[in-house]
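> Quick one: structure below, then a few questions.
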Amino acid sequence: MNDRQNEILPILHGVAVTIGNEISLVPLLTRTLQKLLYYTSFPAGLIVLELPPAATLSGESVNARVAAVVGDYDLRKSVGQSPSLPAGLVFGPTELKADASGLLAALPATTGDYRAFLRLPIDAAGVVLLMAPELPESNLPVTQMFKPSMAQLAKAIELCRRHDAYTSGLIAERDLSEARRRLMAEVFESSYAGVVITDAGGKVVAVNPAFSRITGQPAEAVTAMQAESAFGCAETDLFGDGGRTAATGGYWQGELMNRRPDGEHYPVWLSISPVRAANGSTSHYVGIFSDISQRKQAEARIRFLAHHDPLTQLPNRILVRERFEEASAVADRDGSRLALIFVDLDNFKSINDSLGHRAGDRALEIIASRLLEQWPEPATVGRQGGDEFTVIAPLAGDDEGMWQAIREIRRRIAEPMQIGEHEVVIESSIGISLYPGHGHDFDTLLQHADTAMYQAKADGGKVCCLFDQAMNDRARQRFELAGQLRKSIEAGDFELHYQPLVECAGGRITGAEALLRWRHPRRGMVSPVEFIPLAEETGLIVPLGAWVLAEACRQTAHWRAAGHSSLRIAVNLSALQLRRGLLEQTVEQALAQSGLEPGALELEITESVLLDQTAESAGQIQRLRGLGITISLDDFGTGYSSLSYLRRFRVDKLKIDRGFLSNVHQDADSALLVRTILQLGRGLGIRTVAEGIETSEQAQLVGQWGCDELQGYWFSPPLPAADFTALLHRHPPNG
Amino acid sequence: MQNSSMRYFPVWDAAAIEQTLREWDAAQPGSGVLALIPESDRVWVPALQDLCAQWHMPFGGGIFPSIIAEGGFRTAGLWLLRLGPSPYLALYPDLPHDPAGAAAMADTIALDLEPRLAKDRSEATLLLIFDALVPNIATLLDELYLRLANRVHYAGTNAGSESFRPMPCLIRDGTLAGNGVLVALLERHRGMIAEHGYRIPELSLLATSTDGNRIAQIDWRPAFEVYRELVRDQYGVAIDRDNFYRYSVRFPFGIVRANHQALVRIPVALDDAGALFCIGEVPPDSLLTLLEAPQVDSTHTVEALLRGLDQLNGESSGDALLLFYCAGRRQYLGIDSATAEVADITRRSGARFLAGATSLGEIGGTTLHGYPLFHNGALVAARW
């Protein structure tokens, strides 16, 4: 080996070792370039890759990617970019040039005094350029000796690119994994649910902040603790390989009652899952749980609301039924009895109407508390709805205890209660049925108690009744009668009788009161006393009342047309007709169809009707009055006879109840009352009518006292239309 | 007679030193001080640090086997060289020895420097004084060159003990540290020239297994075993640890470069496994030449050195010269030849003042704008 070879070989060896040592593109190019500079004494160099084919070149410069720069401070900034480079510099064969300052000056380099370059093409698309202000001295064939190095570099570039692509993939994958890991860590840290991670034995390895928040245990206090103890639950075998979770395939979920360090108990819903190691064994368990205290409270509230009345908090009818089933089972075992007590408040509606619903609600709350005080557990007090309450009370011994309790509660209910500024007194009607004597199931007993309560109301209210079979029979009869009533309305089995109204002074017939009569197909004439309340109760009074109005108007118009032109007709109105709000329409329709003048119609309402009415129905009455219709206050004196009503509801006529007149000629008090009412009428400019006049003495007296009209058997009983026609002929009104 | 920016003190004279500091501070407030201190007088380092601290003068320096003063090599006294106002001086101790660590350290040094470099785009020289026992100096130099490139000129020397035992040898203000590098930026400075003038009489190509500055094998045998045979064949002497350095300067390794010049690597130590250690690395697994009994052409060395200086600075050379002279070269040439070489440089450079130190490795380009290299056996010179 000659000296020259001895000089070249270590250099080529050094370059080869450098190239062979690198596995990534950027270090490969940088270190190779550095080594070439080191050996050649050129101070700076660059490597350009991805050169376009020389054949496509059109100008004197080319944009190509600078892949590496060593030795030039400013040119370094071009690494990774594709600046404009002189084509004469980057294209061409291996070349050593001492003076190429023109080409080199075009480079974006720190120093502008590069003059010499050594060009070493790597392959068709890459080149190494070494640059110096002055060509370094060398006696070696530098243009030829590096060719093997460049060939090796070309291969190394290819291999490094593949390796970089592979590494980039791995890094991307790692970054993705890292991102996932960070995300999971974030989920773990910020999860609202508590998370506990245990080892395979169930010892706590990690907990998240939510765990500490829910359990009250800081992470450091529970690390390495058995998870069940960390929770403070009574269970001992949930976590860990020997526990229940492992026995059920590694998964478990359920509700636990845990205990905080301060002793507070709270429910959680816990799910346990295993974490499998690569060999399939369980390496960890993950428990995720949430505090379900609020959910449980909400559920309890929902359950409560489903079974209780939200106002009084008393059991509702569903729960009362359940309690009855329980109580009746106990009674069956003990051989004892139960009372099902149905309490209905009398005239409760008037409190709602007059004082408002809030006051009504308060009254119901007070009544509920009074009932509960009277019948504590094991009795059940429930609210059936509206103003109705039910009580299921065990009966011990004879019935006297029950009756005593009933009397007591009626007394308690009737005690005045202060609601806001008002003192309110509420009476009650109570019906009672007994288990097992009056029935074996709740519905039957409730129906019987209801029947008894209705009986109590029918008896005038403010009383209590124990159910008996006769009551049931009557109820059934009423039910049947109601059905017949409905059919008769459709069949037209009703007729009107007319009782004349007569002027006290002169005895002239001024009009008539239309009175409804039911000609029952089988029973014959049915008393109004029997069917009118039933019609009111069933709502049939509304169509029946409309028929009465239409028929009375029609008949009166007929009479007036027949020459009794001053004849007037009085028709009774039911509270329900007013309440349904269709009265005006019904009246107007009757007048229109009959052609009767409004001034010939009188509508009679009772004091209780007035008492029961709202502003809307009062408005209806006033609007009818405005049409010219006369409004009469019927049965005056039997109710509140409040003067304020007379002021609020302008009426045209007062009808003095027959009860005052029956003894008027014998009883000084009655006489005084009647005279007072008559004076009141005169004072207010309201005409007066004395009802139920049966004797001439009565007629004479009221006439003397200034009553305007009278009505009663003394003059004539109510007559069918044909008979009344005959009466008119005998006592012509005009006449 | 004294130069205004370099003062030699043949013995420790606190008053004289303080007077010098006072003068420099008065002439140019904020001036810094670079000290060259011989190994045997290193005890004065703390006192010198105190004085510089008192005068609030930035202070850097190195401890060398000897210093060059008054025409010869001195093992006593000290040189103080004045640095410009607010000089850039940074000490990086505890240098990492692995490639990644070296790259990171180069990043740190470059990032620290860049704001200073950005302030003034004029030429500057990066003067690097390494602890000679740093095993990866060439790597650090390569890494710095990747980052700073031709923004600065590179020059430097290695400090330390010629016994090659670890010794804190780098000074920065109140710190004295080893295994590091002192970085000084000489602004408006055109660099230094390194030259060794080793002639290569005959090339013996050796396959080596190397790691940094450690040559483990030569021609696939333990390095020391082969090396000992070579010395025995040449001189008939059996080398051991004690006389190793005396002979190794005659058998340095050469890293061949294309300009027919070799980078010299003088083995300076050996270990129990029979590996040889050099000052400065050799390329990994490289083919090295063994420079058997190289001839040192002093005349050529001095001429090349002075020509290089002229190229750097032009004909208008100043009257002061800074010189680092390889301790191994002095060992090889002998004290008389080395002293004569120094005298020749002084005479032919026209310098009226020459300050310097013996070095354990040298940094610099052999030509203008050359690739910065780490040498052994070289002289590094700069106008001051």
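> Just the number, please: percent antiparallel of the DSSP beta bridges in region A:481-730, rounded to the nearest 5.
Details: 16 of 38 bridges.
Roughly 40 percent of the DSSP beta bridges within region A:481-730 come out antiparallel.
> Considering the convex hull of the alpha carbon atoms of region A:481-730, report its projected area averaged over all viewing directions, in nm², one decimal.
On the way: hull surface 52.1 nm².
Orientation-averaged projected area of the Cα hull: 13.0 nm².
> Out of all DSSP beta bridges with both ends in the protein assembly as shown, state the antiparallel percent to the nearest 5. It would help to have the intermediate numbers written out before the result.
Details: 161 of 207 bridges.
Just about 80 percent of them are antiparallel.
> Label region A:1-94 by shape, choosing from rounded, prolate and oblate, from the square roots a ≥ b ≥ c of the eigenvalues of the Cα gyration tensor; if a/c is under 1.5 it is rounded, and otherwise prolate applies when a/b is larger than b/c, oblate when it is not. Show your work: numbers first, answer last.
Details: a/c = 2.19, a/b = 1.68, b/c = 1.31.
Note, shape of region A:1-94 comes out prolate.
> Return the FRET efficiency for the residue pair A:Asp669, A:Ala300: r is the Cβ-Cβ distance, R0 is 60 Å, and the value is rounded to the nearest 0.05.
Details: r = 63 Å, r/R0 = 1.06.
It comes to 0.40.
> What number do you get for region A:191-296 when its Cα radius of gyration is normalised by 2.2 N^0.38 Å, N = residues?
Values: Rg = 12.8 Å, N = 106, 2.2 N^0.38 = 12.9 Å.
For region A:191-296, the normalised Cα radius of gyration is 0.99.
> Still on this structure, I have one more. By the gyration tensor of its Cα atoms, with a ≥ b ≥ c the square roots of the eigenvalues, what is the shape of region B:244-290: rounded for a/c under 1.5, prolate for a/b over b/c, or oblate?
Values: a/c = 2.65, a/b = 1.56, b/c = 1.70.
Note, shape of region B:244-290 comes out oblate.
> Still on this structure, please answer the following. Let me know the mean shielding of B:282-288 by other chains, meaning the per-residue number of their Cβ atoms within 10 Å of its Cβ. The partial results should precede the final answer.
Details: counts 1, 9, 4, 6, 6, 8, 3.
Per-residue shielding by partner chains comes out at 5.
> Could you give the Stokes-Einstein D for the protein assembly as shown in µm² per second, using the C-alpha Kirkwood radius, 20 °C, 1.002 mPa s?
Numbers: Rh = 42.6 Å.
Rounded, D is 50 µm²/s.
> Could you please rank A:Arg65, B:Arg172, placing first whichever residue has the fewest other Cβ atoms within 10 Å of its Cβ?
Values: A:Arg65 18, B:Arg172 21.
The most exposed by this proxy come first: A:Arg65, B:Arg172.
> Could you let me know the centre-to-centre spacing of region A:45-63 and region B:248-293, using Cα atoms, in angstrom?
41
> Moving on. Divide, for region B:144-292, the radius of gyration over alpha carbons by 2.2 N^0.38 Å, where N is the residue count. List each step's numbers first, then the result.
On the way: Rg = 17.4 Å, N = 149, 2.2 N^0.38 = 14.7 Å.
For region B:144-292, the normalised Cα radius of gyration comes out at 1.18.
> Along Cα→Cβ, 7 Å out, is where each label goes; now give me the distance between the ones at A:Gln404 and A:Asp123 in nm to one decimal.
Output for this residue pair reads 11.6 nm.
> Convert each backbone phi in region A:550-558 into a coupling constant with the Karplus relation 6.51 cos²θ - 1.76 cosθ + 1.60 (shift: θ = phi - 60°), then list the ³J(HN,Hα) values in order as whole Hz, x for Gly and Pro.
Computed from phi, the couplings for region A:550-558 are 4, 5, 4, 5, 4, 5, 5, 4, 4 Hz.
> Follow-up. Looking at region A:283-384, I'd like the Rg to Rh ratio, where Rg is from alpha-carbon atoms and Rh is Kirkwood's inverse mean 1/r.
Details: Rg = 19.9 Å, Rh = 16.7 Å.
Rg/Rh for region A:283-384 comes to 1.19.
> Hey, with R₀ at 41 Å, roughly what FRET efficiency would A:His163 and B:Asp242 work out to, going by the Cβ-Cβ distance, to 0.05?
0.25
> Where both partners of a DSSP beta bridge lie in chain B, what percent of those bridges are antiparallel, to the nearest 5? List each step's numbers first, then the result.
Working: 70 of 91 bridges.
Approximately 75 percent, going by the DSSP bridge assignments.
> Short version: ³J(HN,Hα) in whole Hz for each residue of region A:622-636, in order, from phi by Karplus 6.51 cos²θ - 1.76 cosθ + 1.60 (θ = phi - 60°), x for Gly and Pro, what are they?
Values per residue, Gly and Pro as x: 5, 5, 5, 4, x, 6, x, 6, 8, 10, 10, 9, 7, 6, 4 Hz.
> Next question, about the same structure. Would you please give the residues with an amide H less than 5 Å from that of A:His520, counting only those at least 5 places away or on a separate chain, with H modeled from the backbone geometry?
A:Met525, A:Val526
> Take the Cα gyration tensor of region A:335-485, multiply each eigenvalue by 5, square-root it, and list the three semi-axes largest first, rounded to whole angstrom.
Numbers: eigenvalues 136, 85, 29 Å².
Each semi-axis is √(5λ); the values are 26, 21, 12 Å.
> I'd like the mean, over residues of A:274-282, of how many other protein chain beta carbons sit within 10 Å of each residue's own Cβ. Don't skip to the answer; put the middle values down first.
Working: counts 0, 0, 0, 0, 0, 0, 0, 0, 0.
Other-chain Cβ atoms within 10 Å of each residue's Cβ, averaged: 0.
> Roughly what % of Cα-Cα distances in region A:3-165 sit above 26 Å, to the whole percent?
Numbers: 2818 of 13203 pairs.
Roughly 21 percent, once rounded to a whole number.
> Counting other C-beta atoms within 10 Å, which of B:Val264, A:Val275, A:Val529, B:Val296 has the fewest, and how do the rest follow? Numbers along the way, then the final one.
Values: B:Val264 27, A:Val275 14, A:Val529 7, B:Val296 18.
By the 10 Å Cβ count, ascending: A:Val529, A:Val275, B:Val296, B:Val264.
> Please grab the % of Cα pairs in region B:13-118 that end up more than 15 Å from each other. Kindly include the intermediate steps, with their values, before the conclusion.
Details: 3838 of 5565 pairs.
Here the tail beyond 15 Å accounts for 69 percent of pairs.
> How are the C-alpha pair distances of region B:95-218 spread across 10 Å bins, as whole percents from the shortest bin up?
11, 35, 36, 15, 3
> From the Cα trace of region A:394-450, what convex hull volume per residue do you get, rounded to a whole Å³?
On the way: hull volume 5.6 nm³, N = 57.
Taking the convex hull of the Cα positions in region A:394-450, it is 99 Å³ per residue.
> I need to check one value: relative contact order of region B:199-294, counting alpha carbon pairs closer than 8 Å and at least 6 residues apart, in percent.
Details: 192 pairs, mean separation 40.3, N = 96.
About 42 percent, as a whole number.
> Summing +1 for each Lys or Arg and -1 for each Asp or Glu, what net charge is found among the other residues whose Cβ lies under 10 Å from the Cβ of A:Asp123?
Details: positive: A:Lys155; negative: A:Glu158.
Computed value for this residue: 0.
> Given a Förster distance of 51 angstrom, what is the FRET efficiency for A:Val17 paired with B:Arg352, based on the Cβ-Cβ distance and rounded to 0.05? Don't skip to the answer; put the middle values down first.
On the way: r = 48 Å, r/R0 = 0.94.
Given R0 = 51 Å and the Cβ-Cβ separation, E is 0.60.
> What is the Å³ per residue value for the convex hull set by the Cα atoms of chain B? Let's see the in-between values first.
Details: hull volume 48.8 nm³, N = 384.
It is 127 Å³ per residue.
> Can you list, bin by bin at 5 Å, the percent of alpha carbon pairs in region A:474-582, starting at 0?
Each 5 Å bin holds this share of Cα pairs: 2, 11, 20, 21, 17, 13, 9, 5, 2, 1, 0.
> Test of understanding: ordering A:Ile19, A:Ile432 by Cβ neighbours within 10 Å, fewest first, what list do you get? Intermediate values should be presented prior to the final figure.
Numbers: A:Ile19 21, A:Ile432 26.
Lowest count first: A:Ile19, A:Ile432.
> Now, a different point. What is the Å³ per residue value for the convex hull set by the Cα atoms of region A:474-534? Intermediate results must be reported in sequence, preceding the final value.
Values: hull volume 5.6 nm³, N = 61.
Per residue, the Cα convex hull of region A:474-534 comes to 92 Å³.
> What is the extension gain from A:Ala179 to A:Gln704, computed as 0.36 nm multiplied by their sequence separation minus the C-alpha to C-alpha distance, in nm to one decimal?
Numbers: separation 525, 0.36 × 525 = 189.00 nm, distance 11.09 nm.
Contour length minus the Cα-Cα distance gives 177.9 nm.
> Put a dot 7 Å past each Cα toward the Cβ at A:Gln585 and A:Ile489; how far apart are the dots in nm?
Label-label distance for A:Ile489 and A:Gln585, simple model: 1.5 nm.
> Over the Cα atoms of region A:351-422, Rg to Rh with Kirkwood Rh, two decimal places? Walk me through the intermediate numbers first.
Values: Rg = 13.8 Å, Rh = 13.4 Å.
Over the Cα atoms of region A:351-422, Rg/Rh equals 1.03.
> Quick query: amide H of A:Asn208 versus all other amide H atoms, modeled in the peptide plane; which residues come in under 5 Å with a sequence gap of 5 or more or a different chain?
Distant-sequence amide H within range of A:Asn208: A:Val195.
> Using Stokes-Einstein with the Kirkwood hydrodynamic radius over Cα pairs, what translational diffusion coefficient do you get for region B:109-172 at 37 °C and a viscosity of 0.692 mPa s, in µm²/s rounded to a whole number? Intermediate results must be reported in sequence, preceding the final value.
Working: Rh = 13.2 Å.
Estimated via Stokes-Einstein, D reaches 249 µm²/s.
> Any lysines with Cα under 24 Å of the A:Lys147 Cα? List them, leaving off those in the same chain fewer than 8 positions away.
Within the straight-line cut-off, A:Lys147 pairs with A:Lys35, A:Lys97, A:Lys155.
> How many angstrom separate the Cα center of region B:8-26 from the Cα center of region A:680-713?
First find each Cα centre; the distance between them is then 148 Å.
> Subtract the Cα-Cα distance of A:Glu50 and A:His729 from 0.36 nm times their separation in residues, and report this length gain in nm to one decimal. Please report the intermediate quantities before stating the final value.
Working: separation 679, 0.36 × 679 = 244.44 nm, distance 13.29 nm.
Roughly 231.1 nm would be gained on extension.
> Over the Cα atoms, compute the radius of gyration (one decimal) and Dmax (the largest Cα-Cα distance, rounded to a whole number) for region A:130-281, in Å.
Reported Rg and Dmax, both Å: 29.8, 94.
> Report, to two decimal places, the Cα Rg of region A:217-355 normalised by 2.2 N^0.38 Å (N = number of residues). Please list the in-between numbers first.
Values: Rg = 25.4 Å, N = 139, 2.2 N^0.38 = 14.3 Å.
Rg over 2.2 N^0.38 Å, computed on Cα atoms: 1.77.
> Give me the distance in nm between label points sitting 7 Å out from Cα along the Cα-to-Cβ direction at A:Arg554 and B:Arg116, one decimal.
12.5
FYI, it's all coordinate maths here, none of it is from the lab. Just so it is clear, the structure is predicted and the values come from calculations on it, not from any experiment. Here Cβ is always computed from backbone atoms with ideal geometry, including for glycine, and neighbour counts include all displayed protein chains.
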